[in-house]
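Undergrad: Questions regarding the structure given below will be posed in turn.
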Amino acid sequence: MPVSPVGRTALMVAAARAIEGTRPDALACDRFAEAFVRADEFAAGWPVSWAEVPDGDADPLWGRLAHYFGLRTRVLDDFLLRAVRDGIRQIVLLGAGLDTRAFRLGWPPGCRFFELDRAEILVHKQWVLDGMAAQPVAERATIAVDLCDEWSKPLQKNGFDPTLRTAWLVEGLLLYLPGDAERRLFDAVHQLSAPGSVLGYEIKLTPERPVVQHSPIYRHARERIGLDLLGLFDYEPRPESAADLMDRGWAMQVRTPFHFTAKYGAGPRPLPSDALEANRWIFGRRSSG
């Protein structure tokens with residue numbers, strides 16, 4: 001079961017997905033998410049439906065932040081589905097957490113998922129999925145690694161083929177990694193990516209301003225579910241990963257979450273002193289060597 005603070009953020013995101021699926025303006029639905037939350041006593045009493053959030057979007061934690069995670073889920077679902085429609089069949093989730101995309105979305109024959117994360121997360125996820133007799137839609141390999149360390153060799157030992165186009169997803173991970181680990185991660189992604197591979201990831205551009213550090217989202221997470229999110233973020237200077245990938249032949253696109261709120265007609269909207277203001281979702285395609 002997830003015991004580390006970062007592992008427990010995966011539970012928070014699972015609760016957010018469970019809530020999202022029952023909203024009247026739901027952007028994504030994960031039928032497995034509630035089971036992950038209910039299986040961990042740390043999350044006892046957390047809401048798992050919109051009806052259990054009486055203040056709705058006025059609730060900073062289970063309203064607004066949860067809707068952010070719902071929007072992120074939908075955007076990255078669509079990113080991977082587009083990649084597959086384009087013919088990509090190899091998908092790598094770096095920091096897979098309690099992700100269930102291999103189970104809950106429709107994948108054509110030949111798709112293979114590689115899910116990398118710490119053993120505690122992967123074991124908890126498999127235990128819950130086994131209890132539900134869940135069967136993946138796509139072929140799936142889980143690989144227990146610390147993504148601050150070397151992970152490319154275990155990935156290849158589990159059948160990853162670097163000569164094939166790949167869709168890479170780095171969701172909810174880089175906020176917690178030191179800058180050097182981020183550089184090594186994207187170095188490996190580049191080295192393992194055949195031309196035509198695609199990449200989607202999330203970053204914070206800058207450390208939170210002092211006024212943002214006191215925003216209700218962080219206070220409510222700390223007081224209501226015992227997660228000090230600010231204490232988990234890495235505040236070292238961040239590498240210019242998107243610019244570096246552009247120099248290596250990747251076409252990159254940077255978007256705010258609010259861009260997708262406008263696109264889908266649902267999701268969080270900007271607020272003064274916003275904890276989401278520095279978040280960016282970045283998408284790339286390798287077009288050359």
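Every number here is computed from the coordinates shown, using simple stated rules; none is lab data. Quantities reported herein were computed from a predicted structural model and do not represent experimental measurements. We place every Cβ from the backbone using ideal geometry, glycine too, and count neighbours over all the protein chains shown.
Undergrad: Given H placed on each backbone N at 1.01 Å, which residues far from residue 236 in sequence or on other chains put an amide H within less than 5 Å of it?
TA: Amide H neighbours of residue 236, under 5 Å, 5+ apart: 179.
Undergrad: Then there is this: Karplus couplings for segment 104-115 from phi (6.51 cos²θ - 1.76 cosθ + 1.60, θ = phi - 60°), rounded to Hz, Gly and Pro as x?
TA: So the J values, rounded to whole Hz, are 9, 10, x, 10, x, x, x, 6, 9, 9, 10, 10.
Undergrad: Could you give the nm distance between label points at residue 55 and residue 42, where each point is 7 Å from its Cα heading toward the beta carbon?
TA: Those two pseudo-labels are separated by 2.4 nm.
Undergrad: Let me ask something else about it. With a cut-off of 8 Å between alpha carbons and a minimum separation of six or more residues, what is the relative contact order of segment 186-283 in percent?
TA: Relative CO of segment 186-283 lands at 43 percent.
Undergrad: Amide H to amide H, which residues 5 or more places from residue 166 or on other chains are under 5 Å from it, using H placed in the peptide plane?
TA: 194, 197, 198
Undergrad: I want to verify a result. In a Gaussian network model of the chain, Cα cutoff 10 Å, which of these has the top mean-square fluctuation: 238, 74, 248?
TA: 248
Undergrad: With r defined as the distance between the Cβ atoms of residue 233 and residue 163 and R0 fixed at 51 Å, what FRET efficiency is calculated, to the nearest 0.05?
TA: 0.90
Undergrad: Still on this structure, I have one more. So what are the three principal axis dimensions of segment 111-215 from its Cα atoms, in whole Å, longest to shortest?
TA: Reported extents, whole Å, longest axis first: 46, 38, 23.
Undergrad: Taking a quarter of the surface of the Cα convex hull of segment 176-289, what do you get in nm²?
TA: 8.3 nm²
Undergrad: Separate question: Restricting to the chain, compute how many DSSP beta bridges are antiparallel as a %, nearest 5.
TA: 40 percent
Undergrad: How many nm is it between the label spots at residue 183 and residue 244, if each spot is 7 Å from the Cα in line with the beta carbon?
TA: Once both label points are built, they end up 0.6 nm from each other.
Undergrad: Show me the GluC sites (Glu not before Pro) within segment 1-86 that DSSP assigns to loop and that have at most 16 other Cβ atoms within 10 Å of their Cβ.
TA: Hits after loop and neighbour filter: nothing returned.
Undergrad: Between residue 78 and residue 269, 0.36 nm times their residue separation minus their Cα-Cα distance comes to what? All intermediate terms of the calculation are to be shown ahead of the outcome.
TA: Numbers: separation 191, 0.36 × 191 = 68.76 nm, distance 2.03 nm.
Taking residue 78 through residue 269 to full extension adds about 66.7 nm, to one decimal.
Undergrad: OK, next. If you wrap a convex hull around the alpha carbons of the chain, what volume per residue comes out, as a whole number of Å³?
TA: Hull volume normalised by residue count: 122 Å³.
Undergrad: List nothing, just return the count: lysine pairs in segment 5-286, 8 or more apart or interchain, with Cα separation under 29 Å.
TA: 5
Undergrad: Could you run the Karplus curve 6.51 cos²θ - 1.76 cosθ + 1.60 with θ = phi - 60° over segment 271-277 and give me ³J(HN,Hα) per residue in whole Hz, x for Gly and Pro?
TA: 10, x, 6, 8, 5, 9, 5
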